[in-house]
Each structure stands twice: as structure tokens, then as C-alpha cells.
Amino acid sequence: MLSLAHVHVYHGPIHALRGVDLSVEMGEIVTLIGANGAGKSTLLMSICGAPRAGRGRVLWDGEDITDLPSFEIIRRGIAQVPEGRRIFSRMSVLENLLVGATPLEDGQREEDLQRVFALFPTLKDRQHQRGGTLSGGEQQMLAIGRALMGRPRLLLLDEPSLGLAPRLVQRIFEIIEAINREQNVTVFLVEQNAYHALRLAHRGYVMANGRIVLAGESKALLANREVRAAYLEGGV
Amino acid sequence: MGYFLQQLINGVTLGMIYGLVAIGYTMVYGILGMINFAHGEIYMIGAFISILGFILVGLAGITAVPLALIIVLTATMIFTAAYGWSVERVAYRPLRQAPRLAPLISAIGMSIFLQNYVQLSQGAQVKTLPPFIEGGVVLLRDADFAVRISYVQLLIWLLTLVLMAGFAWIIGRTALGRAQRACAEDRVMASLVGINVDRTISLTFVLGAALAAVAGTMVTLYYGVVDFFIGFLAGIKAFTAAVLGGIGSLPGAMLGGLILGLVEAFWSAYFTTEYKDVAAFTILVLVLIFRPTGLLGRPEVEKV
Ligand SMILES: Nc1ncnc2c1ncn2[C@@H]1O[C@H](COP(=O)(O)OP(=O)(O)OP(=O)(O)O)[C@@H](O)[C@H]1O
Ligand SMILES: [Mg+2]
């Protein structure tokens, strides 16, 4: 459903992705792990064309989306929960969610709003509060809720557990699993928390220096000696 | 007392015109973080189009004032908005990824171009319009001084209030307004929720130009004269108003406009008309030195 072929991405002179091939199939949860600076966030953002792949192709539903503007990609059913959440801090919680529904027709919003509020009751209680006044965990929920408002078929999540207390991390992972199972949303998840991520995902990719260095079933990766040494032991 | 009241009325009228132009500056700044130096010229073009409109409507034999007014206002807004849109397309969009200085320079170039373009196509003399709406009401008589509000002034007040209400609604309550505010905060993220950022920026220029068009029409009605140079001075004054109110803030732009209009009216009434333009510049300098965030602006965190 989503596939990247030989994707190269540059940040000015920095060659951040050096020929990435990967694919995500319908209904899957796929995770991408790797050290800081490996290029994980760049990869996730380049799926949405920000930044655009300098070489290589990104295919979505059989369509070449490499050169589409970001908003067109989003309108084809991909949603992004970016690194650092990037909620609109001067807008209210409700407005953040409404903005998330931009890809939809006007009449469809109410139902989605209720669905997101059911998933995150705190957002409902705080809907008139400015986004910037939310706690870190609430902001993460808002970022996920905002992404869900557009009824995506593929949800891209960049380190949703970053900076959250262990109990909240657990909760976020449960919610991701529920979104995948109940709402039939395919998930592509970048995580520092490799152990949690691999337990949740069906498959995983390991990235280093802008390349995919390992790929496989989550179970196999969890058992892999190199993966254990680099990302699991001492880092759980 | 009567004299004072009269100056108050004149000042508020002037202030509303500045405020409408100032909104264009503040909106573009809000979304791009840049000053649109061609905006004063857009206002000047609006004034010219409206004068042309009044002449044409007169030639067409439309004498009913409200009808003529609606036709001229609508046409002026549409044509001026097209200019605003073009300024964005030509001077700003191609330079979206360029260093910040580049679009500033191209906007100044655009401003000079528009001035010359109007001068060449309309001639360098002042254009005049015979009084279109005459009369007014006397509010009170104080000794031998009659405080008067003219119908044109009343129209300006009414129109400004309606436009402000409409604007507050667009920015605060509609999808377009939310998209504008989202772009102002984080353009990349706005595109990642599916907002067409380029289109939103275009619409911002269009809206700002439409307001400037109304201001231009009002000036035509109020003073009855227009020349190709008014954009420069009005531009600087409206810009001052935007900075005074807090650049990026819509209520601030209106407040700044009002203050500036009042200062100017009282300055010319009690001191001398000669230096009334200096008042605006003095305010600009003082605000930039002592309170760069303006009256209603929030402290800048990330933008220059
Ligand atoms: N906007 C940018 N401008 C310049 N270089 C960048 C930019 N964003 C990322 N890079 C560089 O690209 C490389 C990959 O960065 P990226 O953020 O994708 O890594 P990451 O795997 O997400 O790291 P982390 O785990 O720390 O989030 C790094 O060397 C980084 O310095
Ligand atoms: Mg990252």
C-alpha cells in the first residue's frame, strides 16, 4: 500500500536518507527504530513531501506521490503525528481538531469529533483551552486526535512516547493498537522505545546512517543479537 | 468643547481608514512574518479604481446613491483584490524559500512599479471627483460652533464596523480563518494537516487588498481627490498603526489606526497642519524604540 524505492533525501548539504526501500501493507503496524540522527524523522516527513525525496519514488495506493505537494498527499489518506507534536499552541483544542479535519467534506466533522473525544476524554474537557496550555501527554493525545480527524488510512507517528511518564507511554501504545484494530488504520511508527515498539508492531525496520540495515518480523528482531545489543539492553 | 468634539469625529473617521489599511499589513505579517511594502500602493490603486468606477457609474446614468455605491464598492474590491493577488504571485511566492531579504526587496520593487504604472496610465495630475454624497447632520450647537457629522463620515463608520465584524468572524470562526492562523503558527504543520498553504496565503493578500480597496473608496468619497502618490504616505501611516497596535494583531491594527487618526486630527487642529505627517513618523519611531511589540501584540518568540 505504501512503498518507498531507493529514496534519497537531502537537508541542504546533508545527505540524510541514502537509498531507502521499504513497504507498509494494509492493516499492519510497522515500526522503524534506529539511533539518534539515523534519519527516521526525515523518512517519515519525506513520505508527506516535507522534505521531498531528491531521488527515488514514493508510491501510495499504486500512485506515485513523490512530487505531490504535502497537502495533496494528506488528502489522499495519510496523516502525520510529527516529532515534537507541533500542535497549534495559540489555537484551542477544538480548533486544532477541526483543522485536522481539513481533508474532509464539511458535513463529516461532528462524527469524527465525537470519536476522538471518546478516545481521549481529556480533550473533550479541555476543548476550549489553548493548545499550548496542555501538558505534554495531553498535547500528544491532541496531536494523535488531530491526525485521526482527517480519517486517515495510514497514520505516521514519530516518537509518540517521547517525554511521557511510563504509565502514559503504556496508554499511548494501547491507543495506537486500538486505532489499528478497531478503526482499521495502518500504522507506521518511529520509536526510540524499541522494546515497546517491537512488541506492538507486526514488522520492524532498523535504520542507521540513512539506510535500512535490518528488516523483519518483530519477534525475529526482538531476538536478534545486534538489535538487542544496540537498542534493547540498557535502553529499555 | 464643540471644536474638540468635531476633531474627535474627524479623527475617528481618519483612524478607521488607516485601520482598514493596517489590517492588510498585519495579516500578511501574521502569516508570512514579512511586511508587504506594496500594500500602500494597493490602497492607492483601490482609490483610483473607485474614482474610475464613480465616473463610469455616472456615465451609465445610475443616479441612485446606494446602488451606485454598492456597484462601485464591489467592483473596486474585486479589481483591487486581483492586484493584491498578483503582488503575492509575482513578488512573494517565487521567493518562498529564499532568504528573508529577497521578498522584501521584490515587494519594494513591486511598490515602485505600481506607482509608476498608475502614474503612466492615469497621468501625473490629481484626479478629482465632484462631491458624491453631500450633507450631514448637526449633532449639537455650542455657542457659535456646530458639531457636524457628514453622511460620508457616517457611511465610513458604518462600513468599517460591518467589515470589522465580518472580519472577526472570518478569522475567528471559519475554516479559512483557522487555516490562516494555522499557517501563521507553523506552515509546515499546516500543510501536514492538509491545508493548501499557498492558497491560504493568496487569500490573505486578497482579503487585505479588498479592505484596502474599501479604504481607498472611502478616501475618494471623503476628500474627492486622489493622486498616484497617496499610497506612500497612507502606507507608512497604516504601517505605523499596525506596529502601534502590535503587528500581527487584528484588533491592534484597528486600535492603532484609531489612535493615529486621532493624533493627526488633534495635531492639525491645535498645532499646525504642516507637521501632521511628522506625528505619524514620531509615533512609529517611539513605538519601535520603547514598545516594539505594540499595544496588543504578543512578545515575539521565533520570528525576526
Ligand atoms: N532541517 C534540517 N536541516 C538540516 N539537517 C537536518 C534537518 N533535519 C534533520 N537533519 C539531519 O539529518 C539527519 C537525520 O535526522 P533525523 O531527524 O531524521 O534523525 P532521527 O533518526 O529522527 O533522529 P532522532 O532519533 O534524534 O529523532 C541528522 O544528521 C540531522 O542532523
Ligand atoms: Mg527524529
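If you average 1/r over all unlike Cα pairs in region A:155-236 and invert the result, what Kirkwood radius do you get in angstrom?
13.3 Å
What is the gain in length, in nm to one decimal, between residue B:89 and residue B:169 on full extension, counting 0.36 nm per residue of separation less the C-alpha to C-alpha distance?
Roughly 26.2 nm would be gained on extension.
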Item to check | Length-normalised contact order for region A:1-57 - Cα pairs under 8 Å, 6+ apart - percent | outcome: 44 percent
Checklist outcome for this item: Expected max-MSF residue from B:194, B:235, B:15 in the GNM of chain B (alpha carbon, under 10 Å) is B:194
Item to check | Mean separation of Cα contacts under 8 Å (6+ apart) over length of region B:2-290, as relative contact order % | outcome: 40 percent
Checklist entry - To the nearest 100 Å², how much accessible surface do chains A and B hide from each other in total, with a 1.4 Å probe? => result 1900 Å²
Checklist entry - Rounded to the nearest 500, what is chain B's calculated 222 nm mean residue ellipticity when only DSSP H runs of at least 4 contribute -39500 (n - 2.57) each, over all residues? => result -24500 deg cm²/dmol
Next on the checklist: If you fit an axis through the alpha-carbon atoms of helix A:136-148 and take the longest principal axis of the Cα set of chain A, what angle between them do you get, 0 to 90°, nearest 10?
Outcome noted: 90 degrees
Checklist entry - residue A:124: which aspartates and glutamates have alpha carbons under 15 Å from its alpha carbon, excluding same-chain residues fewer than 8 sequence positions away? => result A:95, A:110, A:111, A:112, A:138
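Give the accessible surface of the protein assembly as shown per residue, rounded to a whole number of Å², with probe radius 1.4 Å and ligands, DNA and RNA excluded.
Numbers: 23770 Å² over 540 residues.
Accessible area per residue: 44 Å².
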Item to check | Semi-axes of the equivalent ellipsoid for chain B, Cα gyration tensor, largest first, Å | outcome: 31, 23, 18
Checklist entry - Which lysines does residue B:276 reach when only Cα atoms under 19 Å apart count, and residues fewer than 8 places away in its own chain are ignored? => result B:237
Checklist outcome for this item: Scattering profile of region B:93-218 from the Debye formula, Cα beads only, expressed as log10 I(q)/I(0) at q = 0.11, 0.18, 0.19 Å⁻¹, is -0.67, -1.12, -1.16
Item to check | Global geometry of region B:70-137, whether rounded, prolate or oblate, following the gyration tensor of its Cα atoms and the 1.5 cut on a/c | outcome: prolate
Checklist entry - Restricting attention to region B:268-297, which chymotrypsin sites (Phe, Trp or Tyr not before Pro) occupy a DSSP loop and are surrounded by at most 13 other Cβ atoms within 10 Å? => result B:271, B:275
Checklist outcome for this item: Gyration tensor on Cα atoms of region A:1-75, a ≥ b ≥ c root eigenvalues, a/c under 1.5 rounded, else prolate if a/b beats b/c, else oblate, says oblate
Checklist entry - Hey, can you list the DSSP H helices of chain B whose Cα span along the axis is 20 Å or longer and whose average Kyte-Doolittle score is at least -0.5? => result B:2-32, B:39-59, B:65-87, B:101-122, B:151-173, B:197-223, B:230-245, B:250-270, B:276-290
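Can you give the calculated 222 nm mean residue ellipticity of chain A, where each DSSP H run of n ≥ 4 adds -39,500 (n - 2.57) and the sum is split over every residue, rounded to the nearest 500 deg cm²/dmol? Walk me through the numbers before you get to the answer.
Numbers: 9 runs with 80 residues, N = 236.
Using -39500 (n - 2.57) per qualifying helix, the result is -9500 deg cm²/dmol.
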Next on the checklist: Take chain B, mark every one of the GluC sites (Glu not before Pro) that falls in a DSSP loop and has at most 15 other Cβ within 10 Å, then report the longest stretch left between them, sites excluded.
Outcome noted: B:135-273
Checklist entry - Using alpha-carbon positions, what is the distance between the centroids of region B:63-109 and region B:13-61, in Å? => result 9 Å
Next on the checklist: Check which residues have an amide H placed less than 5 Å from residue A:80's amide H, if you skip close sequence neighbours.
Outcome noted: A:156
Checklist outcome for this item: In whole percent, the fraction of accessible protein surface over the protein assembly as shown that belongs to carbon or sulfur atoms, probe radius 1.4 Å, stands at 62 percent
Next on the checklist: Give me Rg/Rg_expected for chain A, where Rg uses Cα atoms only and Rg_expected = 2.2 N^0.38 Å with N residues.
Outcome noted: 0.98
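So if R0 is 22 Å, what FRET efficiency would residue B:125 and residue B:236 give, r being the distance between their Cβ atoms, rounded to the nearest 0.05?
0.45
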Item to check | Peptide ranges B:244-255, B:223-234 listed from the most packed, as the mean C-beta count within 10 angstrom indicates | outcome: B:244-255, B:223-234
Item to check | Rg followed by Dmax, in Å, when the protein assembly as shown is reduced to its Cα trace | outcome: 28.3, 100
Checklist outcome for this item: Around residue B:271 (Cβ within 13 Å, Cβ-to-Cβ, excluding residue B:271; K/R +1, D/E -1) the net charge comes to -2
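The values are calculated or read from the model by the stated rules, or taken from the named source; none is laboratory data. Here the structure is a predicted model, which means the values were calculated and not measured. Neighbour counts run over all protein chains shown; Cβ positions are idealised from the backbone, glycine included. Ligands, DNA and RNA are excluded from the accessible area calculation, which covers all protein heavy atoms including side chains. Shrake-Rupley method; radii C 1.70, N 1.55, O 1.52, S 1.80 Å.
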